[in-house]
Amino acid sequence: DSDWATYINPSIDDLEGKTEVTCWTATFAWDTCETTLGSYHFEHIAQCAARLGAIGKRLIVHISSRVFFVTSQANASNWGPDYLFNEGTYGPYGGGIVSPNFGDETHYVWLAALWRTAVMDRYIALFQALGDAIEANWDMWGKYVEAVEHEETSLAPTQDYDVDDSSNEWERFLDQVPAHFPRVWIAHWLNFLENVEFNAGTGRWEFPRTM
């Protein structure tokens with residue numbers, strides 16, 4: 001509520017009457033949208049979209065899968081769903097939210113290990129649920145969503161990171177998510193894994209592989 005009063009409402013109010021601005025991007029932390037495993041809450045996205053729609057603007061939704069300026073994995077839990085810290089399901093080194101510098105408390109980025117199938121499964125499910133919510137509430141607020149975007153594909157290397165694994169997982173994202181957004185753009189934030197090509201033979205978007 002304090003963020004709405006301090007940052008969000010004034011920012012949206014400032015857009016009114018600015019005809020050169022058509023869309024506004026807002027970033028939402030993963031655990032804001034999925035508080036517990038499979039429990040999705042898109043109220044903040046709905047509120048932003050409706051507010052913007054009322055002044056003739058549209059919303060671009062960014063779902064973050066990383067956090068900066070956080071010096072410990074414990075503090076990163078304030079951004080990512082707690083269930084991702086389960087090593088048995090989501091991988092080693094503390095589970096599905098890791099840092100490129102393990103044990104370095106001065107390193108300021110923690111990110112979801114989206115190159116791991118179990119973690120990407122949850123990120124895909126989150127986007128699918130968001131797309132379904134937008135469609136189910138199209139006349140109320142969904143029609144004011146211009147696009148959704150995922151986190152950038154660049155990942156700082158961690159102990160088990162693999163480019164081919166990452167490419168495989170992002171291709172699964174492209175296979176499984178778009179059908180849930182029939183009327184909304186999906187913006188692919190490509191960084192490092194940028195040489196994406198469409199394979200006409202398979203009808204799939206393909207990411208680069210190591211040589």
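What is the number of the single condition among (1) at pLDDT below 90; (2) surrounded by fewer than 15 Cβ atoms within 10 Å (Cβ to Cβ); (3) under 30 Å from ALA50 (Cβ atoms) that HIS188 does not meet?
With (1) at pLDDT below 90; (2) surrounded by fewer than 15 Cβ atoms within 10 Å (Cβ to Cβ); (3) under 30 Å from ALA50 (Cβ atoms) applied to HIS188, the lone miss is (2).
So which pairs qualify, if the first residue must be in region 37-50 and more than 18 Å from TYR123 (Cα to Cα), the second must be in a helix (DSSP H, G or I), the Cβ gap must be under 6 Å, and the two must be at least 6 apart or on different chains?
Pairs found: ALA49/TYR144.
Tell me the residue from GLU34, GLU43 that is more than 24 Å from TRP170 (Cα to Cα) and at pLDDT 90 or above, please. Steps first, answer last, please.
Numbers: GLU34 fails: more than 24 Å from TRP170 (Cα to Cα).
Exactly one residue qualifies, and that residue is GLU43.
Select from region 138-153 the residues that are touching a helix residue (DSSP H, G or I) at 6+ places or on another chain (Cβ under 8 Å) and assigned to a loop (DSSP other than H, G, I, E, B) and write down the one among them that is surrounded by the fewest Cβ atoms within 10 Å (Cβ to Cβ). Step through it out loud before you land on a result.
Step one: list which residues in region 138-153 are touching a helix residue (DSSP H, G or I) at 6+ places or on another chain (Cβ under 8 Å), which gives 140-145, 148, 150, 153.
So of that shortlist, the ones also assigned to a loop (DSSP other than H, G, I, E, B) come out as 140-141, 150, 153.
Working: MET140: 12, TRP141: 21, HIS150: 23, THR153: 20.
Out of the qualifying residues, it is MET140.
Of all residues in region 26-49, how many are loosely packed, with under 14 Cβ neighbours inside 10 Å and small (Gly, Ala, Ser)?
2
Just to be sure I understand the filter: pairs with C-beta atoms under 7 Å, separated by 6 or more residues or on different chains, first member in region 13-24 and open to solvent by 70 Å² or more (accessible area, probe 1.4 Å), second member part of a loop (DSSP other than H, G, I, E, B). Which pairs pass?
That search, which allows pairs on different chains as well, returns GLU16/ILE55; THR22/LYS57.
If LYS57 satisfies every condition in (1) crowded, with 19+ Cβ neighbours inside 10 Å; (2) within 26 Å of ILE97 (Cβ to Cβ) but one, which is the exception?
Tallying (1) crowded, with 19+ Cβ neighbours inside 10 Å; (2) within 26 Å of ILE97 (Cβ to Cβ), LYS57 fails exactly one: (2).
Based on what the data block shows, is ASP121 of a type in the set (Asp, Glu), open to solvent by 10 Å² or more (accessible area, probe 1.4 Å) and within 19 Å of TRP79 (Cα to Cα)? Spell out the reasoning first.
Numbers: of a type in the set (Asp, Glu): yes; open to solvent by 10 Å² or more (accessible area, probe 1.4 Å): yes; within 19 Å of TRP79 (Cα to Cα): yes.
Yes.
The values are calculated or read from the model by the stated rules, or taken from the named source; none is laboratory data. Because the structure is predicted, anything quoted here is derived from the model rather than measured. So basically every Cβ, Gly included, is an ideal-geometry build from the backbone, and we count neighbours across all protein chains shown. Please note that ligands, DNA and RNA were not included when accessible areas were found on the heavy atoms of the full protein model with its side chains. Shrake-Rupley method; radii C 1.70, N 1.55, O 1.52, S 1.80 Å.
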